[in-house]
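Below: the structure, in structure tokens.
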Amino acid sequence: MTEAQKYSFFLGCVMPNRFPNLEKSIRVVMPMLGIELEDLEGASCCPAPGVVRSFDEPTWLALAARNLALAEMAGNDILTGCNGCYGTFKEALSEVQDHPDRLKEVQKVFDGMDITFNAEVEAKHIIEVISNMGADRIRELVTHPLNGIRIAVHYGCHLLKPSKNRPWKKTQNHTFLDELVEATGAESIRYKDKSLCCGAGGGVRGSNVAISVDIAKEKLDNILSAEVDCILNVCSFCHLQYELAQPQLNKELGEKRYQIPVIYYTQLLGLALGLDSGELGLDRHLVSTQPLLDKISR
Amino acid sequence: MTNPISSDKIESEDIDPQFTERIVEAGADRIRTCIQCGTCSSVCPSGRRTAFRTRELMRKAVLGLKDEVLASPDLWLCATCYTCLERCPREIKVTDAIIIMRNMAVDEGFMLPQHRKASQKLISTGHAVPIDDANRKVRKDLGLDELPPTTHSKKKALRDVQKIMKKTGFKKLIEGQAEEGA
């Protein structure tokens, strides 16, 4: 339990290049849980399950295998904080593990490069590692309980599905993230269609913004009705969707209806561990987190 | 007298049995067991607000209506949330089937411009969403390296990634024959 776990930290695209504040919160909080992060040097896009897998599956598989190989060569399992990247790695691994010919196919692509890959690495999500520590352990570590904070938990899709290739005990109506949220002292609030997609994935946000944002709007309206202090997520792409969709909707509607702070799990946990909001990048949000921070410091 | 009801007749030449077979071989092996119950459509977040009907797409796939399916913009409305795949009573890998059909559509030249753009960025930088000046500054302000330790700061890694995309034909697929070797 106290023995430090070490992982190769895979950043992806959206987190380091659009929301470095989330990356920062992960880099600060994970070591406090006894989890050591080693940079995965030279990693690329996972690649994106929506666009790249849809365009050319063999390219998707080869690039995913390369990222996995970098971790395998470093002797670590790969750790990601993005549901999309997690989905890519879980699906790519099962593809090469279940079909030896596909493993040979990617090994052939790596011919002449110093990349060895035997598909012996595991892919983990940050919230999976924290969940494995247990909500009770998190509760023990909390020094600044976030009592009275009402939270709308958003799991996202690729963290949970396809359930046949995911580590969770249940296939639906999950509670592990709600338990980890409540371990900080905050309250996870029930809301309509909680398991609904954020609308960003599958290349829909990229090509059909209006439809993508309309899906997010449905979710945001349900969350508004639940009168919460923030949305909590564990995916950089869901995070992007909620951060960008709210100001966009406000602009379209000419009002300021959508101003729900959107925070990532390690930011919430960091606050409960007594860290400064600036160190967790909470002053770098598109939708101001100030109302949430004010309520916490009250 | 002509029939006042216009029927959408499916002509034999519209049917390509090989199309269904290719979807089966690529992994959506149970697609022929579809009973058209509509569970997939009923749980689809995109279907709630558009004319996209997953059930219809599955039926057309089983019938082998290749040209109609591949040319349809609906194919790109799936957010890959996997809810249909989870709920399908026949355990058809619905989402996988859609991804397989998208691959075929791209092969036939149906590629949305925004997706091509993201792919071009991947080819040039190793990231579908590359860094910009504003976020370089944010990284620095937060005490992180200005460039992440990815293909953005490792030239050899970027070359490897580009080599892979050339080998798999991705570069050619995105940039076309004309620019090959440029």
ask   = Near A:GLY50, within a Cβ-to-Cβ distance under 12 Å, what is the net charge of the other residues, with Lys and Arg +1 and Asp and Glu -1?
value = +3
message = Cut-off under 19 Å on the C-alpha distance; same-chain residues fewer than 8 positions from B:LYS93 excluded. Which aspartates and glutamates are left, in chain and number order?
response = A:ASP56, A:GLU57, A:GLU91, A:GLU95, A:ASP98, B:GLU21, B:GLU25, B:ASP29, B:GLU56, B:ASP74
note = Expressed as a whole number, the average count of other chain Cβ atoms within 10 Å around the Cβ atoms of B:133-141 is 4
query = For A:LYS169 and A:GLU140, what does the FRET efficiency come to when R0 = 25 Å and r is the distance between their Cβ atoms, rounded to the nearest 0.05?
reply = 0.70
Computed lengthening from B:GLN114 to B:ARG32, 0.36 nm per intervening residue step minus Cα-Cα distance = 26.2 nm
remark   = Each residue of B:114-127 has, on average, a number of other protein chain C-beta atoms within 10 Å of its C-beta equal to 5
query = Using the Cβ atoms and a cut-off under 15 Å, what net charge is assigned to the surroundings of A:ARG298, where Lys and Arg are +1 and Asp and Glu are -1?
reply = 0
Pairwise Cα inverse-distance average, inverted: Kirkwood Rh of the range A:133-297 (Å) = 16.3 Å
note = Cβ density ranking, 10 Å radius, fewest first, applied to A:ASP178, A:ASP39 yields A:ASP39, A:ASP178
inquiry  = Tell me which of A:TYR264, A:ALA200, A:PHE10 sits at the most positive position along the dipole axis of chain A, charges placed on C-beta atoms (Lys, Arg +1; Asp, Glu -1).
reply    = A:ALA200
task = Measure up A:LYS90/B:LYS155; A:LYS194/A:LYS217; A:LYS24/A:LYS251 against 19 Å on the Cα-Cα distance and list the ones that go over.
result = A:LYS90/B:LYS155; A:LYS24/A:LYS251
query = Given the alpha-carbon gyration tensor of the range B:24-182, what are the semi-axes of its equivalent ellipsoid in whole angstrom, ordered largest first, with each equal to the square root of 5 times an eigenvalue?
reply = 36, 20, 14
task = Would you mind ranking B:ARG159, A:ARG102 so that the residue whose beta carbon has the fewest other beta carbons within 10 Å leads the list?
result = B:ARG159, A:ARG102
inquiry  = Can you divide the C-alpha Rg of the protein assembly as shown by 2.2 N^0.38 Å and report the result to two decimal places?
reply    = 0.98
inquiry  = Net charge around A:VAL213, counting only other residues with Cβ within less than 15 Å of its Cβ (Lys, Arg = +1; Asp, Glu = -1)?
reply    = +2
note = Sorted by number, the cysteines in chain B with no other cysteine beta-carbon under 4.7 Å are B:CYS34, B:CYS37, B:CYS44, B:CYS78, B:CYS88
request  = Just rank B:PHE52, B:PHE110, fewest to most, by other beta-carbon atoms within 10 angstrom.
outcome  = B:PHE110, B:PHE52
key: For the range B:113-175: Kirkwood Rh in Å [reciprocal of mean 1/r, alpha carbons]   = 12.6 Å
remark   = Taking A:26-38, B:90-102, B:69-81 and ranking on average Cβ neighbours within 10 Å, highest first, one gets B:90-102, B:69-81, A:26-38
note = The alpha-carbon center of the range A:104-175 and that of the range A:254-298 are separated, in whole Å, by 23 Å
ask   = By average Cβ neighbour count within 10 Å, what is the ranking of B:140-151, A:255-266, A:60-71 from highest down?
value = A:60-71, A:255-266, B:140-151
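About its Cα centre, how strong a charge dipole does chain B have in debye, to the nearest 20, once Lys and Arg get +1 and Asp and Glu get -1 at the Cβ?
840 debye
Here, each number is a calculation from the coordinates, and none is a lab measurement. Because the structure is a prediction, the values reported are computed rather than measured. Glycine also receives a Cβ, built like all others from the backbone with ideal geometry; neighbour counts cover every protein chain displayed.
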